[in-house]
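Here the structure comes first, spelled out in structure tokens, and everything after it is commentary.
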Amino acid sequence: MIAGKPTDERLLVSDIFEGERTRTDRPALGTLREAARDIPVYRHCDVLVVGGGPSGTAAAVAAARAGADVVLLERYNHLGGLSTGGLVIWIDRMTDWQGRQVIRGFGEEILDRLPADAIAGPGREEWGSRDGARAAHWSQRTAAFHGIVTWSPTVDPERLKLASQEMVIEQNVRLVFHSWAAMPLMEDGKVRGAIFESKAGRQAVRAKVVVDATGDGDLFARAGAAYESDIEAADIHHCMNTAWLLGGVDMDRWIEFRAGSPEQFAQFMARGREQLRAFERPFVSWRNDIALFMGPRQSGFSALDVDDQTEVEIRSHRLMARHLDYYRAHAPGFENAFLFLSAPQLGVRHARRLAGVAKMTRAQWPTGQVLDDEIGVTPSVSPKFPNISIPYGSLVPTALDGLLACGRHIACDPNSHGFMREIPQCWITGQAAGAGAALAANRGIEPRAVNIDELQTALAGQGAYLRPRAHKVPATA
């Protein structure tokens, strides 16, 4: 086990459990040749978005609002990706360290659509508060860091699924569930659609521009675009897990125990690690009677290997049952807990990162520079750093045309990936990719040739937070 601690480089940390594979390596069994065949064309469109996670949903809505005819392919039966099916219902910080909401646009709109009983977090009047009592209260509820209250709510995943679906349908996007994009459709070395599989067999969608929102860069990798896959071994962002929910709990009692009895809490955690080895603490959810477990973070497994994915799922489901037994026996507030839900989607943090025209790097953090092609702003990981500019170039492949990337596989270094993979940042890059793809399709140009002024105007019209160019923001103390 590798124990993580919060630092100025990493805000969200946890114990990392180094997994040893129980399976044996697959033997080399040769190959088969698939016979050539005609593939039915399912639809023609301006913009094809592959993947309906946070970034893909935002991209589809943004592209449609920018005047494009859009198709959205999603392999599951819902939208939202890890924010819904992955039970990553703790939405990371959308405010900066002064309490300003800088992640706006699609992300702000979709959360505003949730019913009051489907979202929990501090009121707007508390954002940025450094009051010790309020920060202590919200730090136990995943909404205060470095002694500062932030807007980082927890949400009902079913309500978020519905809100995502309805936003897409309202914009007349052609939504296609239960469909897995298998290969990019290439014409003269450019991406012009995708081939997908469903119960109806193999079909194709032709598009002027494709947005790869798969999270793992499946389309751009198979189209031949360059990418990176290096990781920070001591960071959780390369681990996998299956999250779960326990119902029938009293989280107020648990928080009282954790905050009010530190010695007993430490003993509880030590005993849990001794008995279960891969042991996880609970987080609050949108309800007091439901606890969120992000699942022990397991390292050493590949998100691109089906056997590794299977093993993580098997381990996680076993751990879910073992955690229930331990918590019911020893944790205040968990006496009547029951297995409520394991995430339908595997919690993958990292597989590939695009090699882009521009790249977000650790060296950028202290500068406060507003990039000329800024398409959004992300809060920094620590109050010592200013807000960080997200460039359009991080969505654009270095050489491949016809495609934009968004979500956790944009062009960035391993350190920056630690926060750019989070849900709100995926909303930002998805909205920008959708708007950029629509402009390219409407103008008959490649995405790399999109006019940045026009793109920024379109994003601002959709509520995104952007800043004037050529302005240096001083670092905060």
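The values are calculated or read from the model by the stated rules, or taken from the named source; none is laboratory data. A quick note: this is a predicted structure, and the numbers were derived from the prediction, not measured. Neighbour counts run over all protein chains shown; Cβ positions are idealised from the backbone, glycine included. Accessible surface is based on the protein model in full, side chains and every heavy atom, while ligands, DNA and RNA are left aside. Shrake-Rupley method; radii C 1.70, N 1.55, O 1.52, S 1.80 Å.
Worth pointing out:
- Projecting label points 7 angstrom from Cα along Cα→Cβ for L339 and H178 puts them 2.6 nm apart.
- Listed options for Cα extents along the principal axes in Å are (1) 77, 58, 48; (2) 73, 60, 39; (3) 65, 58, 39. The value calculated from this structure is the one marked (3).
- When Rg and the Kirkwood radius Rh are both evaluated on Cα atoms of the stretch 92-228, their ratio Rg/Rh stands at 1.12.
- Using alpha-carbon coordinates, inclination of helix 423-443 to the longest axis of the chain, degrees: 10
- Principal-axis tilt of helix 262-276 within the chain, Cα atoms, nearest 10 degrees: 60
- Near S416: Cβ cut-off under 10 Å, other residues only, Lys/Arg at +1 and Asp/Glu at -1. The net charge is +3.
- Using 0.36 nm per residue and subtracting the Cα-Cα separation, the extra length available between V41 and N77 on full extension is 10.8 nm.
- Computed over the alpha-carbon pairs of the stretch 18-154, the distance histogram in 10 Å steps reads 10, 26, 23, 20, 13, 6, 1 percent, short to long.
- Proportion of all alpha-carbon pairs of the stretch 361-477 beyond 16 Å (%): 58
- Shown is the FRET efficiency for N288 and R362, computed with R0 = 30 Å from the Cβ-Cβ distance and rounded to the nearest 0.05: 0.15.
- Normalised convex hull volume, the stretch 326-366, alpha-carbon set, Å³ per residue: 181
- Geometric extent, Cα atoms of the stretch 356-395 - Rg, Dmax (angstrom): 9.6, 29
- Take every Cα pair under 8 Å whose residues are at least 6 apart in sequence, average their separation, divide by the length of the stretch 40-174, and the relative contact order is 29 percent.
- Two-decimal log10 I(q)/I(0) for the stretch 148-217, as the Debye equation yields it once each C-alpha is a single scatterer, q = 0.12, 0.16, 0.18, 0.23 Å⁻¹: -0.50, -0.77, -0.89, -1.14
- Per residue, the convex hull spanned by the Cα atoms of the stretch 218-303 measures out at 141 cubic angstrom.
- Computed FRET value (nearest 0.05) for A136 with A270, which takes r as the C-beta separation and R₀ as 22 Å: 0.40
- Global dimensions of the stretch 73-115 from alpha-carbon coordinates: Rg and Dmax equal 12.6, 39 Å.
- Whole-Å distance, taken between Cα centres, linking the stretch 264-280 and the stretch 403-443: 38
- Cα long-axis angle, helix 306-330 against the chain (0 to 90 degrees, to the nearest 10): 20
- Given R0 = 35 Å, the distance between the Cβ atoms of K199 and I169 translates into a calculated FRET efficiency of 0.95.
- Charge sum, other residues only, whose C-beta stays under 9 Å from S229's C-beta, Lys/Arg counted +1 and Asp/Glu -1: 0
- Full extension of the segment from I314 to K190, taken as 0.36 nm per residue of separation minus the current Cα-Cα distance, would add 40.7 nm.
- Heavy-atom accessible area order for I39, I290, largest first, 1.4 Å probe: I39, I290
- For the stretch 252-381, the C-alpha radius of gyration sits at 1.40 times the compact-globule guess of 2.2 N^0.38 Å, with N the residue count.
- Cα→Cβ-extended label distance, 7 Å offset, between D25 and D372, nm: 4.9
- With kT/(6 pi eta Rh) evaluated at 25 °C and eta = 0.890 mPa s, and Rh the Kirkwood radius from Cα pairs, the stretch 306-433 diffuses with a coefficient of 143 µm²/s according to Stokes-Einstein.
- Ranked by the mean number of other Cβ atoms within 10 Å per residue, highest first, peptides 77-86, 267-276 order as 77-86, 267-276.
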